[in-house]
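Peer 1: Handing you a structure now.
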Amino acid sequence: MQRPISLYRLIYASAVCEGVGSSQVRAILDVSRRNNAALGVTGLLCFSSGVFLQWLEGRRDAVNRLYHRIASDPRHRDPVLLWLEDAHERVFADWSMGYVGEGVLASATLFRFGISRLDELRELSGAAVVKLLLALGDQARRLGQAA
Ligand SMILES: Cc1cc2nc3c(=O)[nH]c(=O)nc-3n(C[C@H](O)[C@H](O)[C@H](O)COP(=O)(O)O)c2cc1C
């Protein structure tokens with residue numbers, strides 16, 4: 001028998017707005033970690049080359065509501081949905097919001113996917129973006145820098 005779907009995964013990318021710097025990204029992370037823990041949402045946020053790339057996973061209603069709130073945040077613009085799927089388990093269960101910034105985002109990982117900067121994401125299929133985020137998550141985990 002099929003297991004019931006209880007989780008949902010959503011990935012989007014957006015462009016940072018002018019004037020938003022590292023202290024604001026830090027503030028976004030702090031709020032995300034606090035709120036997501038209460039919402040039962042986990043995931044990973046990457047920020048590099050002026051691009052946010054975020055993986056959200058949790059109950060479908062919680063992820064949807066959160067995505068709409070995030071999408072209307074004036075600190076970024078042009079959110080593009082890259083991936084949506086039902087899921088049986090969390091990939092980033094231990095991160096209310098892991099983080100991969102310029103320091104962790106090694107270009108070698110991007111090169112493996114045929115891009116040199118995060119703002120070239122449009123070159124990638126949704127499935128490739130999923131793999132890229134998994135690779136970045138692994139990298140952050142190895143370096144112990146995402147939490
Ligand atoms: C790129 C980006 C990612 C964000 N990710 C999250 C998130 O995962 N969780 C969250 O609660 N807020 C996130 N936010 C912030 C929300 O847009 C919003 O400011 C926040 O949820 C409001 O929380 P508050 O009502 O507790 O102040 C993000 C904002 C941006 C720009």
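The values are calculated or read from the model by the stated rules, or taken from the named source; none is laboratory data. Source: prediction; values computed, not measured. Neighbour counts are summed over all protein chains in view; Cβ atoms, including those assigned to glycine, are modelled from backbone coordinates with ideal geometry.
Peer 1: Which residues, taken from the stretch 111-137, are aromatic (Phe, Trp, Tyr) and in a helix (DSSP H, G or I)?
Peer 2: As a first pass, look at the stretch 111-137 and keep what is aromatic (Phe, Trp, Tyr): 111, 113.
Once the filter is applied, which keeps residues that are aromatic (Phe, Trp, Tyr) and in a helix (DSSP H, G or I), the stretch 111-137 yields only PHE111.
Peer 1: Within the stretch 8-27, identify whether any single residue is surrounded by 19 or more Cβ atoms within 10 Å (Cβ to Cβ), assigned to a strand (DSSP E or B), near the ligand (Cβ under 8 Å from one of its atoms) and of a type in the set (Ser, Thr, Tyr), and answer yes or no.
Peer 2: Yes.
Peer 1: Related question: I want to confirm something. Restricting to the stretch 87-112 and keeping residues that are more than 18 Å from LEU39 (Cβ to Cβ) and in contact (Cβ under 8 Å) with a residue 60 or more places away in the chain, which single residue is nearest to the chain's Cα centre (by Cα)? First the steps, then the outcome.
Peer 2: Going residue by residue through the stretch 87-112, those that are more than 18 Å from LEU39 (Cβ to Cβ) are 88, 100-112.
Applying the additional criterion that residues be in contact (Cβ under 8 Å) with a residue 60 or more places away in the chain yields 88, 101.
Numbers: HIS88: 18, GLY101: 11 Å.
Across the stretch 87-112, the extreme among qualifying residues is GLY101.
Peer 1: Against the definition (β-branched (Val, Ile, Thr) and under 15 Å from the mean Cα position of the chain (by Cα)), how does ILE115 come out, yes or no?
Peer 2: no
Peer 1: A follow-up question, please. Condition first: in a strand (DSSP E or B) and among the charged types (D, E, K, R). Can you find one or more residues in the stretch 99-107 that meet it?
Peer 2: So in the stretch 99-107, the residues in a strand (DSSP E or B) come out as 99-100.
Those left that are additionally among the charged types (D, E, K, R): none.
No, because not a single residue in the stretch 99-107 is in a strand (DSSP E or B) and among the charged types (D, E, K, R).
Peer 1: Under 9 Å between Cβ atoms, which residue pairs at least 6 apart in sequence (or on different chains) link something in the stretch 25-43 that is farther than 20 Å from HIS76 by Cα with a partner that is more than 6 Å from the ligand (Cβ to nearest atom) and part of a helix (DSSP H, G or I)?
Peer 2: LEU39/ALA62; LEU39/VAL63; LEU39/ARG65; GLY40/ALA62; VAL41/ALA62; VAL41/VAL63
Peer 1: Still on this model: Would you confirm, using the coordinates I've provided, whether VAL91 is part of a loop (DSSP other than H, G, I, E, B) and either modelled with pLDDT of 95 or more or more than 8 Å from the ligand (Cβ to nearest atom) (or both)? Steps first, answer last, please.
Peer 2: Details: part of a loop (DSSP other than H, G, I, E, B): yes; either modelled with pLDDT of 95 or more or more than 8 Å from the ligand (Cβ to nearest atom) (or both): yes.
Here the answer is yes, as VAL91 does meet what is asked.
Peer 1: Residue by residue through the stretch 128-143, note down the ones that are closer than 15 Å to TRP55 by Cα and in contact (Cβ under 8 Å) with a residue 12 or more places away in the chain. Show your work before the answer.
Peer 2: Of all residues in the stretch 128-143, those closer than 15 Å to TRP55 by Cα come to 128-138, 140.
Once the filter is applied, which keeps residues that are closer than 15 Å to TRP55 by Cα and in contact (Cβ under 8 Å) with a residue 12 or more places away in the chain, the stretch 128-143 yields ALA128, VAL129, VAL130, LYS131, LEU132, LEU133, LEU134, ALA135, LEU136, GLY137, ALA140.
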